[in-house]
1. Which percent of Cα-Cα pairs in region B:6-239 sits in each 5 Å bin, short to long?
2. Keeping all protein chains in place, calculate the accessible area per residue for region B:6-239 (probe 1.4 angstrom), answer in Å².
3. Please pull out the direction-averaged projected area of the protein assembly as shown, using the convex hull of its alpha-carbon atoms, in nm² to one decimal place.
4. Among the complete DSSP H segments of chain A, which ones combine at least 18 Å of alpha-carbon extent along their axis with a mean Kyte-Doolittle hydropathy of 1.0 or more?
5. Report the FRET efficiency, 1/(1 + (r/R0)^6), for B:Asn415 and B:Glu76, where r is their Cβ-Cβ distance and R0 is 56 Å, rounded to 0.05.
6. Given Cα pairs under 8 Å that are at least 6 residues apart, what percent is the relative contact order of chain A?
7. Could you give the angle, 0 to 90 degrees to the nearest 10, between helix B:145-158's Cα long axis and the longest principal axis of the Cα atoms of chain B?
8. Quantify, in whole percent, the carbon and sulfur part of the accessible surface of region A:174-249 (1.4 Å probe; protein heavy atoms only).
Amino acid sequence: MNASLRLFGGLSASQRLFLRRYGPIFAVYGFIVVLFIIGATQSERFLTVRNLTNVARQSAFLGIIALGQMLVILTAGIDLSVGSLVKLSILVSAIVMDGQTENQGAAIVATLGLGLLVGLIHAFLVNEVKIAPFIVTLASLGILRGISLSISTSPVGSASKPFIMFYVQKIGPIPVIAVMFFALLALTALLLRYTAFGKYLYAIGGNIEVAHLSGVPVKLTRYGVYVICSVSAAITGLLWLSRMGVGDPAIGDGLELQAITAVIIGGTSLFGGRGTVIGTLGGVLLLGVTANLLVMLGVNQFVQGLIQGIIIVAAVALYKQEGD
Amino acid sequence: MSEFILEMRNISKSFAGVQALKDVTFRCRPGRVYGLVGENGAGKSTLMKILAGAYRADAGEIIYKGEKRDQASAGEVIDSGISIIYQELALVRQMSVAENIFLGREPRYALGLLNLSELHRRAAALLKRLGIRLDTSLPVSELTVAQRQLVEIAKALSQNADLIVMDEPSAILAGSELEQLFGIIESLVDEGVTIIYISHRLEEVFRIASEVTVLKDGELVDTRPIDQLDRPTLVEMMVGRPLNEIFPQTEHEQGELVLVAEKISTDTILEEASLELYAGEILGVAGMVGSGRTELARALFGADPLTSGKIALVGGKSARWGNPAQAIDSGLVLVPEDRKTHGLFTSLPVRINVTLPILSRISRFGVLKFQAEDEIVEGARARLSIVMASPDQEAQYLSGGNQQKVVLAKWLETNPAVVILDEPTRGVDVGAKFEIYRLMRQLNDRGIAIVMISSELPEIIGMSDRILVMNHGRIVGEVAQEDATEAGIIELATMAAAGANRA
């Protein structure tokens, strides 16, 4: 910490603080820019509208789930079940919709209801039975996955035609799904900055004992945050149905780790109390652009995992500079 | 309404069969400062936790502002006008000053959205009322400990508290900061606020309290106006026996030179500190919080690398160490200030806490010899009179004084030549303090040199053979015990501070 203090010697205390806090996030965005430059110079297809649209859409899929995950992690919790919940959500929505436009509403309500229920159960176990979030959601990862695969191991149900069209719809040049993600992103940022609920997430993650003694409704806040996280997974399940057209049980594996990775790269502390929406967006984009670029450059997909691992370590090392 | 703002009548409370409070009655008149004193385990914290709504009393009643109060939640207690400033500061480090002050009671617009400008405006107004200037958007992690304490008080004020409980508020303050706190308390009292002031430092109780309540072993000893008490009487009430010798002295000649530090600086506030340390002496280090005392200790111990200067251990096995492990091997030991985070594994048994640094010595082929371990732990228990249920008891369940003894025991097993003690009696009750002082003298008798850092001037003056005064990272003076006075040390420190500011 002292080395960085000297480095920023000419700045005021608040400027130094700003740099220490947001410097690493700038670095993440800087790295994204570098990836764009590499992509533009190394691949003809990278900087095309078609490809960038793809990147935006794929980032939105990960991003929505990462936002929910980030809120849980801010409270020093974690939700390992979101991948399995996405899987169950795509199956439930596909089966209920069954290709019929008139079933769309029922499918959406059923899927979001599923998210609500799972979130409530998580929060109940964390709040009332006092089981650690890691364990609760680890169990739930297995249970939801088990339920999904006992429903079907091959694609079932199907989406209605308008619902499939939703995936390709655009507002101007931008896919609707990306717009939706940005709307949720803005909403989350406002939630964190301008609502007591948002402040309570930081307070609980920062010091739960203090939060309790200050009269913060700790349990209620946790009910809220686990529900938000599970509902974000249910929404992602619906989006996957729109994309796949059928209830594909192969969807969702490993998504929880992707989401957690994006959140960590975005500078959110796994110990809670610290994290920003802008950082999480950076994490999501960095993962999205990296994955896309590696495909463009024809890199073996197994190497992608390796590169992702290196990115995590590099990012976390950067945030360590923030000191404590 | 009665003349009392608060009456806790005939309160009893037991935990798992252990009686923590027995029929305690405690009353407060509005606009006064009540000192609440007693050894650790006397029941002060339990009594205050019952007041806070964190515990439910087994028997007795609480009458607050003339009304009998039922069991209340933490939030309800705050709303009723009672604020409690806990010993472990209750702030969320990652959140800003203003957010912390209004945590749980944020000003909102009609739609439920936060009114951030109002939040900061009101926080700034509160801080101004306390006479402090602070950027309300700064995260608490950026504040000094003293500033955090003031934020806590601002938080209490923001709750429109009529009754503020301060649990050991001064444990982390020194000198001018303490005077600032007392000034604030006095102005609060003028406004009609009642203060319950819990402290181990009796000087402060005499300085600020109008009445003193003494608890011992869960029972009320007495409540008396301060002007009917003197220090020996109060100590006797707390400990239950007269203590003639507060600071045990030993007659000894100055021993051999054991350690020399020459103009050492580190990457902290510490600058060009030089000192000599002799066998069998206690070298006191005085100064304000943040004056570089702890940094000096860390530098001597090799915990912070030196940027210039050198440290030499005379006649030791090795005269060079770049990290704590080498320092320990060379016969140096540091007992840190914050034993919960740096000195003690609270969730591990006493046994492991005592033998951790010497595990290799009591192992054969990497396998621990339990019998040897038992002997060492039993020896430590007997020598230091550590009160514990068994060596397998987790350290967190020991009282503060006994925890400190466990930390000491751990390092004494390494047979050190030099022991550095950073605030050895902080948060330790009077009885255990004297045992720690006696233990320090026993170490001296064995020829061990002690560096003692302390914020308590009576302790510094009473125990040290020589006293170094630090300010702004520099050693600004040395005083012999026979010449030392509290005023003299404070003056030296503050004058040095003024000089440093000019420079």
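The values are calculated or read from the model by the stated rules, or taken from the named source; none is laboratory data. None of the values given here were measured: they were computed from a predicted structure. Here Cβ is always computed from backbone atoms with ideal geometry, including for glycine, and neighbour counts include all displayed protein chains. Surface accessibility is based on the protein's heavy atoms, side chains included, excluding ligands, DNA and RNA. Shrake-Rupley method; radii C 1.70, N 1.55, O 1.52, S 1.80 Å.
1. With a bin width of 5 Å, the distribution comes to 1, 6, 14, 17, 19, 16, 12, 8, 4, 1, 0, 0.
2. 40
3. On the way: hull surface 165.6 nm².
For the protein assembly as shown, averaging the hull's shadow over all directions gives 41.4 nm².
4. Working: long enough: A:13-42 (42 Å, 1.04); A:49-74 (35 Å, 1.15); A:82-97 (22 Å, 2.14); A:104-127 (34 Å, 1.75); A:133-151 (26 Å, 1.68); A:176-194 (26 Å, 2.31); A:218-244 (39 Å, 1.04); A:277-296 (28 Å, 2.07); A:301-320 (29 Å, 1.50).
Both cut-offs are met by A:13-42, A:49-74, A:82-97, A:104-127, A:133-151, A:176-194, A:218-244, A:277-296, A:301-320.
5. On the way: r = 55 Å, r/R0 = 0.98.
Here the calculated transfer efficiency is 0.50.
6. Details: 513 pairs, mean separation 106.9, N = 324.
So the answer I get is 33 percent.
7. 10
8. Values: 1870 of 2570 Å².
Taking all protein chains in place, region A:174-249 shows 73 percent carbon and sulfur surface.
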